[in-house]
Amino acid sequence: MESIILNPIGVVRSTRTKTADDNWDAETVYIELDPSQFSPAAFAGLSEFSHVQILFFMNQVKADQIETASRHPRNNTKLPKVGIFAHRAKNRPNRTGITICEILKLDGLMLYVEGLDAIDGTPVLDIKPWVAEFGPRGPVHQPAWMTELMRGYWR
């Protein structure tokens, strides 16, 4: 397959500096756009939306930590062993993360959000407004173990 090269558009600034699994909503987080690529005009119209999707690169995950098969989520043997594409682990093949966040405010090249599960210094690859029509169509379901796993993830 052909390789893909992506350039960050900005960086995450967060009160969280180390990876941890829970309580991400407790952090103060903003995305700072790269001033060599963007002006505040890049955010024009974004304040009319309540949420954004943030695509980021988990640069703290080392190449030898990448998972391509299956394992127990959070290495908890009480949970079923599932493939890397059946959970949202950071040790993904391309180390990408994507999260829907609430927009708190815009200030120049800074987008303040709540609910971004990325640590300080994480490169941001893209920002998209959350549009309801791109959400799931029809009923959504997930296994009970995922609901249990996510219980303290946000608060």
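Within region 1-27, the set of residues being under 14 Å from the mean Cα position of the chain (by Cα) and basic (Lys, Arg) comprises Arg13, Arg16. Residue count for region 81-120, restricted to those that are touching an Asp or Glu at 6+ places or on another chain (Cβ under 6 Å) and closer than 17 Å to Lys62 by Cβ: 2. Residues being touching a strand residue (DSSP E or B) at 6+ places or on another chain (Cβ under 6 Å), touching a residue at least 60 places away in the same chain (Cβ under 8 Å) and among the hydrophobic types (A, V, I, L, M, F, W, C) are entirely absent from region 17-28. Residues in region 60-75 that are of a type outside the set (D, E, K, R) and out of contact with any strand residue (DSSP E or B) (no Cβ under 6 Å at 6 or more places or on another chain): Gln60, Val61, Ala63, Gln65, Ile66, Thr68, Ala69, His72, Pro73, Asn75. Of all residues in region 91-138, exactly one satisfies the criterion of being closer than 23 Å to Pro35 by Cα and aromatic (Phe, Trp, Tyr), namely Tyr112.
Each value in this text was obtained by applying a stated rule to the coordinates, not by laboratory testing. Owing to the predicted nature of the structure, the values given are computational and were not obtained by experimental measurement. Glycine also receives a Cβ, built like all others from the backbone with ideal geometry; neighbour counts cover every protein chain displayed.
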